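The values are calculated or read from the model by the stated rules, or taken from the named source; none is laboratory data. It should be emphasised that the depicted structure is a prediction, and the values quoted were computed from it without experimental measurement. Virtual Cβ from ideal backbone geometry, glycine too; neighbours counted across all protein chains shown. Note: accessible area is taken over every heavy atom of the protein model, side chains too, but ligands, DNA and RNA are not part of it. Shrake-Rupley method; radii C 1.70, N 1.55, O 1.52, S 1.80 Å.
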Amino acid sequence: MDFANAREALKEVALDIDEGADIIMIKPALAYLDIVAKVREKINYPVAVYNVSGEYAMVKAAAAKGWIDEKRIVTESLTSMKRAGADIIITYHAIDIAAWLNG
């Protein structure tokens, strides 16, 4: 799929639904939040996003260098995925965010 072509992404989603998909998966999550929002507007299927390892690694590396506040960035990033329309978020940050949310 051409990453620059949002119309093609929507056509692929329609094909997936025609082929019997139960959930629509969009990855990588952060680079495709606009697609998540467009898909959410068009369909009534669960939308999942995959916060891929490269996105995770960038956050971890920047946090290790002291360049960012990891908790703040992770919380903001995952919230943006939900805000864009994701019903399901698959992320390597799951254990950390669960701990932060549970205090």
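Worth a mention:
- Hey, Ala29 within 14 Å of the chain's Cα centre (by Cα) and at pLDDT below 95 or not: yes
- Residue pairs meeting the criteria (Cβ under 9 Å; at least 6 apart or on separate chains; first within 17 Å of Leu33 (Cα to Cα), in the range 53-78; second buried (at least 16 other Cβ atoms within 10 Å of the Cβ) and of a type in the set (S, T, N, Q)): Glu55/Ser77; Glu55/Thr91; Tyr56/Thr91; Val74/Thr91; Ser77/Asn51; Ser77/Thr91; Leu78/Asn51; Leu78/Thr91
- Identity of the residue in the range 54-100, open to solvent by less than 30 Å² (accessible area, probe 1.4 Å) and not in a helix (DSSP H, G or I), that ends up farthest from Glu41 (Cα to Cα): His93
- Against the conditions (1) in contact (Cβ under 8 Å) with a residue 24 or more places away in the chain; (2) over 13 Å from the mean Cα position of the chain (by Cα), Ile24 satisfies every one except (2).
- Of the candidates Asp18, Asp2, the single residue that is in contact with an Asp or Glu (Cβ under 8 Å, 6 or more places away or on another chain), over 18 Å from Gly85 (Cβ atoms) and free of Cβ contacts under 8 Å to residues at least 24 places away in the same chain is Asp2.
- Unmet requirement for Ala6, which otherwise passes all of (1) over 18 Å from the mean Cα position of the chain (by Cα); (2) surrounded by 13 or more Cβ atoms within 10 Å (Cβ to Cβ): (1)
- Residue within the range 36-44 that is open to solvent by 60 Å² or more (accessible area, probe 1.4 Å), more than 20 Å from Met1 (Cα to Cα) and without any contact (Cβ under 8 Å) to a residue 12 or more places away in the chain present: yes
- Per the listing Ala48, Ala21, Ala31, the residue uniquely in a helix (DSSP H, G or I) and open to solvent by less than 80 Å² (accessible area, probe 1.4 Å) is Ala31.
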